[in-house]
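Reviewing the structure listed below.
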Amino acid sequence: MSRAAGIRTVLAALVTLGTVAPLGAQTTIVGTEPDKSPFQSIIDPTRVGAFGGLLFVTDNGPGVTPKSPIPIVGVRYDYHVAGPTYFNASLATGHTTRTILDYNRSAATRNIGEKNTWLMALDVGFDIAPTGDRTWKGIQPLAHLGAGYVFTPGDTREDASGYTFGGKFSMSWGFGVRWVTGKNRELRADLGWRLWKMNYPGTYQSTISDPMAIMPTGPLDAWTSNRIVTVGYTWGVFR
């Protein structure tokens, strides 16, 4: 075989390999096929839902805060802003009672009964999803940060000592998890904390019939951390 013929043979072999190799590479799969991946994208621009749970109100001394745990029900709204960020708003309410104290009486007799009250909590804020706008095997963890307002509608009159729960600005934070059960529905569970300030009247550190005041020491206003646990069901709308 001449030198020229040998060169032509080598070139033909290289061309053949260059043609076959890409064809073979096309059948190779790198990573995980989309339908087999544990991560799935979710398209849920707007969701509404209902939830129920318990609100645990912290009493920092006098024993006149709404008694807990308070069974609550509520509604929520969620909107996917972009990427891992979700805006949400919720309104919850629950019935409970609170103790009425009369500072004019002795410590043994100043508890003059219970008062029925409804507590309502409005909250707006943002959820951040570590997995972004995707779920891992149908699960999406969330971290929440927000602010709101807590109040007792219909219970605005002061009691015998001049105390009323009133309305309070609150800050909130917590953690949640979504379990997507279908194209337009999901289960959700949340554990959170609401921080608000308790305010007591000056009569709580006054004495008339007894040398021991309702609150002998300590501040008449103090921040308290209150825990809330909920489970709910939401639906996707406007898809």
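Worth pointing out:
- Pro153 of a type outside the set (S, T, N, Q), under 18 Å from Thr234 (Cα atoms) and free of Cβ contacts under 8 Å to residues at least 60 places away in the same chain: no
- Within the stretch 127-150, the residues that satisfy the criterion of being crowded, with 16+ Cβ neighbours inside 10 Å and assigned to a strand (DSSP E or B) are Asp127, Thr135, Gln140, Leu142, His144, Gly146, Gly148, Val150.
- Residue in the stretch 205-215 that is among the charged types (D, E, K, R), under 24 Å from Ala108 (Cβ atoms) and at pLDDT below 90 present: yes
- In the stretch 100-110, of all residues being out of contact with any Leu (no Cβ under 9 Å at 6 or more places or on another chain) and crowded, with 19+ Cβ neighbours inside 10 Å, the one that is farthest from Gly53 (Cα to Cα) corresponds to Tyr103.
- Checking each residue of the stretch 212-221 against the condition of being within 20 Å of the chain's Cα centre (by Cα) and part of a strand (DSSP E or B) gives no match.
- Selection count, the stretch 191-214, where residues are surrounded by 20 or more Cβ atoms within 10 Å (Cβ to Cβ) and in contact with a helix residue (DSSP H, G or I) (Cβ under 8 Å, 6 or more places away or on another chain): 1
- Filter result (of a type in the set (S, T, N, Q) and surrounded by 15 or more Cβ atoms within 10 Å (Cβ to Cβ)) within the stretch 63-88: Thr65, Ser68, Asn88
The values are calculated or read from the model by the stated rules, or taken from the named source; none is laboratory data. It should be emphasised that the depicted structure is a prediction, and the values quoted were computed from it without experimental measurement. Please note: Cβ atoms are built from the backbone with ideal geometry, for glycine as well, and neighbour counts cover all protein chains shown.
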